[in-house]
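Below is one structure, written out as structure tokens; comments come after it.
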Amino acid sequence: MADIFNIVLPVFIIVGLGYLACWREIINDTHVDALMKFALNFAVPALLFRAISTLDLHQHFSVDLLITYYGPALVCFWMGFIGARLFFKRDWQDCVVIGFCAFFSNQLFIGVPITERAYGAEALNANFAIISVHSLLCYGTGISVMEMVRARQGGRTLSKALRNILKGMFSNLLVLAISLGLFVNLAGIPVPNALGDSMDLLARTALPVALFAIGGVLRRYKPEGDTKTILYVSVLSIIVQPAMTYVVAHWIGLPELYMRAAVLSAAVAPGINTYMFATLYGRAMRVAASSVLLATGLSVLSISVWLILLG
């Protein structure tokens, strides 16, 4: 339990510093937006590229593992999307963002260290296999559904919607960073040391800058009126998704080491990329930002329960 607190508590401290800085007017909304733009356009893409380009994708890549994790994750996306409309009467574009929040988990920053502490470094092969397609699949799904919704609301043709989907996918720096990382990895292209070291420096700033900026965002977007929606996202993310993953893992007969990694990855809170996705379209940003904070806190209990159940 102490190890889990040691992983999660720093997240709250950095978010709290961002909130405090805005509250005390040390920084303003313009500064927060600039920090988030830096994270979205530079630091996080560098982090994703370096992580994916150096992964061993051949040794432990498993179709059963991906089905076990992404089957329930996709179900949670649609539960978030449809539930936001049925239960909370949200605009359809907001529904896409809410579904994305229930879909995109904070695997890299919370899931990986918890898995390593609990089961050792060899268990991380499964985490890395999941992460290698995580942003591609999540952003691909989110952008595709969002563009279809926007096309329907705007009376645009299907062909124009498809063009917007492709444009959205290949103009998204996070997706491009992962795609390039996969290409470099599979092609065996060496990255020059100077370039790699520069990207590593950028990558190290990704988590603290983004979390600090989210703290400022939380000061701006208070949860009045969205509390039930935020709780709904949190329940889907840290309770429903890992429970379904556990059931599917047993149904498929996934090896125990892979099952543990998949379930713990599903049990972590939404990642900071959920807020980044919300800012791309300017929709449901308060829900996305607050869900990250609330679900991260609640995931301490969720992860603890799963660690006991998984042994």
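Brief remarks on what is shown
- The peptide list 191-198, 11-18, 204-211, 93-100, put in order of mean Cβ contacts within 10 Å with the highest first, becomes 93-100, 204-211, 11-18, 191-198.
- Whole-Å distance, taken between Cα centres, linking segment 241-282 and segment 111-128: 14 Å
- Relative contact order of segment 1-143, pairs being alpha-carbon contacts under 8 Å that are 6 or more residues apart, as %: 26 percent
- Solution diffusion estimate, µm²/s, Stokes-Einstein, segment 26-127, Kirkwood Rh from C-alpha pairs, 37 °C, viscosity 0.692 mPa s: 198 µm²/s
- Dipole magnitude of the chain about its Cα centre (Cβ charges: Lys, Arg +1; Asp, Glu -1), debye to nearest 20: 1120 debye
- Working ranking of peptides 132-143, 116-127 by packing, defined as the average number of other Cβ atoms within 10 Å per residue, highest first, is 132-143, 116-127.
- 5 angstrom amide H check on Ser105, placed H, neighbours 5+ away: Gly271
- Taking every alpha-carbon pair under 8 Å whose residues sit at least 6 apart, the chain reaches a relative contact order of 34 percent.
- Per residue, segment 19-81 exposes an accessible area of 51 Å² to a 1.4 Å probe, with every protein chain left in place.
- Protection-proxy order for peptides 144-154, 61-71, each taking the mean of Cβ atoms within 10 Å per residue, highest first: 61-71, 144-154
- Rg to Rh quotient for segment 244-303, alpha carbon positions, Kirkwood Rh: 1.13
- Options (i) 36, 26, 15; (ii) 26, 23, 23; (iii) 31, 23, 21 - which one matches semi-axes √(5λ) of the Cα gyration tensor in Å as calculated here: (ii)
- To put it simply, the accessible area of the chain at a 1.4 Å probe is 66 percent carbon and sulfur.
- Using R0 = 41 Å, the C-beta based FRET efficiency linking Arg152 and Leu173 works out to 0.95.
- Within a Gaussian network of the chain (alpha carbon springs, distance under 10 Å), most fluctuating of Trp251, Trp23, Trp78: Trp251
- Separation in nanometres of the label points that stand 7 Å from Cα toward Cβ, at Arg220 and Leu86: 3.4 nm
- Rotationally averaged projected area of segment 172-311 (alpha carbon convex hull; nm²): 11.0 nm²
- FRET efficiency for Asp197 and His58, using Cβ-Cβ distance with R0 set to 30 Å, rounded to 0.05: 0.70
The values are calculated or read from the model by the stated rules, or taken from the named source; none is laboratory data. Here the structure is a predicted model, which is why all the values come from computation and not from measurement. Every residue, glycine as well, gets a Cβ built from its backbone with ideal geometry; the counts of neighbours run over all protein chains shown. The protein model used for the area step is the full one, side chains on, heavy atoms only, and it has no ligands, DNA or RNA in it. Shrake-Rupley method; radii C 1.70, N 1.55, O 1.52, S 1.80 Å.
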